[in-house]
1. Hey, how many Å between the Cα centroid of segment 191-236 and the Cα centroid of segment 44-71?
2. Between residue 206 and residue 78, what is the label-point separation in nm under the 7 Å Cα-to-beta-carbon projection?
3. With +1 on each Lys and Arg Cβ and -1 on each Asp and Glu Cβ, and nothing else charged, work out how big the dipole of segment 55-139 is about its Cα centre, in Debye to the nearest 20.
4. Compute the distance in nm between two label points, each set 7 Å from the Cα along the Cα-to-Cβ direction, one at residue 86 and one at residue 178.
5. Strictly greater than 25 Å: what percent of every Cα pair in segment 105-228 meets that?
6. What does the chain give for Rg and for Dmax, in Å, if only its C-alpha atoms count?
7. Could you tell me which residue out of 65, 205, 103 lies farthest along the dipole of the chain toward its positive end? Charges go on the beta carbon: Lys and Arg +1, Asp and Glu -1, centred on the Cα centre.
8. Quick check: the angle from helix 120-148's long axis to the longest principal axis of the chain, C-alpha only, nearest 10 degrees?
Amino acid sequence: SAATNQSERDVPDVSFVTRAIDGLPLQAGQISIVAWVLAALMIDGLATQLLSFVAPVLMEEWGLSKAQLGPALAAALIGMALGTSVGGWLGDRFGLKRTLVWAMVVFGLTTVLTSFSSGLVSMIVLRFVSGIGFGAAGPTGVALVVDWVPAQIKTKAVMLLSISAPLGGALGAVGVRSMLPEYGWSGCFVASGVLTLAVALLLAIILPESANYLVRTGKGVRAQALLLRYLNRRLD
């Protein structure tokens with residue numbers, strides 16, 4: 001029918017993006033995207049586990065038992081579940097890069113603010129909000145990389161990103177262990193939050209948006225310009 005034909009014409013054709021990316025071997029610009037997202041998700045992993053790293057010092061300082069601190073530890077996990085569920089929708093609506101950057105801003109700011117917590121209630125609230133950022137960042141970052149790498153290495157890229165959070169947590173544990181005696185638990189939260197915000201700023205400057213998203217939202221010219229840049233100007 002005419003209505004159906006019109007509807008089909010209204011759907012943006014994103015196939016040229018896939019053809020351009022899959023038609024060439026991995027380029028330097030794409031490697032940069034993978035590296036920056038890997039760094040972002042490592043920081044995500046560190047910030048997610050940070051409270052558990054400093055828990056012994058915090059419990060001693062506040063006179064809490066492990067059971068009493070439990071709700072604060074669980075709050076981030078509950079927030080993550082919410083963030084993961086809405087992260088994909090936000091990425092589709094506002095762009096993968098923008099969603100990743102703002103997710104990091106959210107958990108970066110709330111991580112810094114957590115350092116000023118004076119009681120469990122404020123810490124629970126802040127860790128819950130942080131968790132929303134944690135949850136949104138992971139799948140959004142992975143989706144951005146998947147949109148940018150050739151089909152033949154998508155699986156390998158996803159496998160690499162899947163270890164980023166545990167790796168960030170492992171490296172973060174070493175850093176926290178060295179910082180705790182001098183700066184305390186609050187200093188560790190400040191350092192983690194500031195690092196997160198600094199990387200979020202760099203991502204906002206360096207990372208490209210998903211070319212597929214740009215085409216879907218009617219910005220095909222901008223998508224083609226990005227492809228030219230990140231595929232070393234070899235797009236036909």
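The values are calculated or read from the model by the stated rules, or taken from the named source; none is laboratory data. These figures come from a predicted structure and were not determined experimentally. Counting neighbours? That spans all protein chains shown, and the Cβs are built from the backbone with ideal geometry, glycine included. With ligands, DNA and RNA removed, areas are computed over all heavy atoms of the protein, side chains included. Shrake-Rupley method; radii C 1.70, N 1.55, O 1.52, S 1.80 Å.
1. Each part reduced to its Cα centre gives a spacing of 36 Å.
2. Between residue 78 and residue 206, the label points sit 3.6 nm apart.
3. It comes to approximately 280 debye.
4. The answer from the label model is 3.7 nm.
5. In whole percent, the long-distance tail amounts to 38.
6. 20.3, 72
7. Working it through, the farthest residue towards the positive pole turns out to be 205.
8. Rounded to the nearest ten degrees, it is 30.
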